[in-house]
Amino acid sequence: GAPQDIEWTIRSGELFVLQARPITALPPGPSRLDPPAESAAPVPPLAGEPSQGKRRLFDNSNVAENYTGVTTPLTFSFVRRGYEIAYTQLGEALGFTLPEIRRNGAFLENMIGLIDGRIYYNLGNWYELLARFPAYAYLKRFFADSIGARVEGGPEEQEPGSLRGLLRFARRLLWNYATWDPQVERFFVNFDRAWNRFQAEPVAELELDALVERYQQLERDLLWHWGAPHVNDFFAMIAFGILGRLLSRWSLDEAGSLQNDLLCGEGGIVSTEPTRAILEIARAIRGQHGFAERLIDLPARDWQPVLDRDPQAEAVRPLLADYLRRFGYRCIGELRLEAVPLSEDPTFLYQAIQNALFAARTRGEAALDFGAVEAREKAIRQRAEGIVGRRLAGRPIRWILWRFVLSAARKAVRNRENMRFARTRAFGMVREIFAAAGRQLARHGVLEDPRDVFYLSIDEVIAWPLGRSIGRDLAGLARLRRKEFAAYADRIPGDRIETAGPVYLDDQIARPVADDRAPAGTDGATVLHGTPCCPGLVTGPVRVVRGAADDLRLAGEILVAERTDPGWVPLFSSVSGLLVERGSVLSHSAIVAREMGLPTIVGILGLTRIVPDGARVTMDAAAGTVALDRTAASSDLPDPVADPMGAQAPASEPSSRTTPGSAEKSGR
C-alpha cells in the first residue's frame, strides 16, 4: 500500500524477503498505491496537496496503555494540559530558567497528539526536549526503553551547551537526588490535603460556576504541584537504564531477565492492595455457609440485589464499602474521563471476587492466600540477588556501584507505582466535576445528554458559564464531535506515524492503515517473542480479553491482552500468566506482575491477532517466548458453558506451571 524499503536474499535460487518497512524519506502523497478505503469516508482528509514541510513523529508506545482506543475530547484536552504543566515543573526542577522554558513552550504545549481519536506521544518533541540535557544519547535510549519504543527520530546530536549550564544541571540533579525522599513525602502530604478537602465537599449538586471554581482550585492545588512524580520518573528512567547497562556490560545477565527479577518483591506498592482486599472479601463470603456457592452460580451483573438484601451479606458489606471507598476510581481505562468507575458500577469488582471464589472451590483456601504471592515474588528476588552476588564476588567496587543503582531503581519504581495511584484519584476527582457539569448543562437544556460533556474540551466547558465561549451551541458541537469520533472507531491508525507538513493534511494518517502483519501458520507451533518481565514457565489455555465488556470469568488461564492499565490488576490473581501485546519493562502491568510474582511477557508483536481465545500455549517468561500449539483442536478444550465460571481450562488443573525456582533447577 506504500513505497517499501525491502531487504532480501537469494538462497538456492529462491528469493526471501527479510524485512520491509515504509520508505520515510519520501514525501507522503499521491504515490500511495492503494485507493482510499470506503471506511475512511466519514472523516476525509482536508483538500489540497500534502505538504513536504516539517516532519513529526508520533508513537503510542506506553501512552496507549492508559488511553486505549478512541478517547474523547475532554480527556485529551485535560491530558494535554497536564503534560504541559508537569514538564514545565520538571524543567524548573532540573535547573532550566524561565526564559529557557518559555523558548521551549512550543514543545511543552505539544507533548501529545490526537490522531483518529487516539492519543499519541509527539515523540519528536520529547526527543527535542531531551536534547537540551547533557548525555542526550543515553537519555534518548533510556527513554525509548522505558516506554517500549524504537530509538528513532529526533535530533541526532544534542545542542551544544555552556559549561555554566552543564554545572547548573549537575547541581540541580544532585540536589533533587539528595531531596528525593522529602519531595515524595511533600507530594503525598499535599495530595492527601487536596483529596480530603474534595471528599469533604461533594460536587454532585453544585451549580456550574461552583464546579468551574472547584476544577480551577484542583488545578492550582494538584496539577501545579505535580513535579515530584516527574522528577521520580526521570530518576526511574536513568536508574533502570544504567542498571541494565551494568548487568549487560559486566556479563551478569546472560538470560536477559535478571534486571526484572531484581525488581520483584519490593513491597509497599499500593497497586497490589486491591488484590489483597479482594481475597479478603472472598474469604468473608466463604465464611457464610453456602453463600459462596450461590454467588459462584450467579452472574456478577446480578449480584447487587443479593448483596443489598441477603442476611448472609451483612458481614461482607463493610468490606465492599471500604474497597469502593479506597479503590472506587479504579476501572479498566481509569484515566479516560469518560470511563465508568467502580463506584458507579461495581460489576467488575464482583467478577474479580467471583473468580477468587471459584479458585478457592477448585484449589482450596490456598488460592486466597496473598502470603503465597509475596513468598513467590521474594523467592525470585533472592535468587536474582544471589546470582549477581556470586558473580561479583571479589569485586567490591562493582558490587557497591550495583547496589547503589539497584537501590535507586527499586525506590523509583515503587514511588512511580504509588504516585500513579494518586494520579488515578486525581483523574477521578476531575471526572466527578465534569460529570456533574454535564448533568447541569443537560438540566439547563444546553446539552442533549449529560455524557455529551465528554465531547467538549476542558476550556469549552469552563468558558460557557464564564461568558467567554466562542460558540454558544454546545449541544450542536457535541453532536458533531460524537459523530466524528464514532467514525474513528473503524479506523486503524498505525502505532508509529511520521508526518510531513500540517499533520491532518498528510494522507498517511488521514486513511486507515491496513494491518499487513501476516497471521501465524495453521499447523505446528508458532513461537512469538516479547520482553520478559517476571519469570516462570506456564503451559495452558489462554483467555483473550480486549476490554471490560468481554467475559472476564477467569479460572487459571493465561491472560492475553493488547494493553493493560492499573484497572486490570484485580484479574491478575485469577490467572497463571500474563501476555501483553504492548508495554515496556516499566509499564504498569510489568511492575505489578513482578510484585505479584506473576509470569509476564509484554511487547509481543501481533499477539492478539495471532493467538485465538482458548488456544494452548507454553510461555517461558524468563526467555520472553510464547509457543502456540496450532495442532490442538478447539474440541480438545472444555465446553465453557459446562463450567459455571465459563472457564476454558479444567477446574482441577487450569494449567501446568513451573515456578521460577523449579524452572531454574530444570536448567532454564
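The values are calculated or read from the model by the stated rules, or taken from the named source; none is laboratory data. The structure presented is a predicted model; accordingly, all values stated were derived computationally and were not measured. So basically every Cβ, Gly included, is an ideal-geometry build from the backbone, and we count neighbours across all protein chains shown. Areas reflect the complete protein model, heavy atoms only, side chains present, ligands, DNA and RNA absent. Shrake-Rupley method; radii C 1.70, N 1.55, O 1.52, S 1.80 Å.
Dipole orientation for segment 433-498: of the candidates Leu456, Ala436, Gly476, Ala436 has the Cα lying most toward the positive pole (charges on Cβ; Lys, Arg +1; Asp, Glu -1).
Taking Tyr504, Tyr455, Tyr488, Tyr127 and ordering them by how much accessible surface each has at a 1.4 Å probe, largest first, produces Tyr504, Tyr455, Tyr488, Tyr127. Sort out for me the Cα centre separation of segment 267-313 from segment 412-486, rounded to whole Å. That distance is 33 Å. Each peptide in 405-418, 130-143, 532-545 gets a packing score, the mean of other Cβ atoms within 10 Å over its residues, and the list from highest to lowest is 532-545, 405-418, 130-143.
Please compute the net charge surrounding Val373, taking Lys and Arg as +1 and Asp and Glu as -1 over other residues with Cβ under 9 Å from its Cβ. In short, -2.
Counting other Cβ atoms within 10 Å, which GluC sites (Glu not before Pro) in segment 426-494 have at most 10 and lie in a DSSP loop?
none
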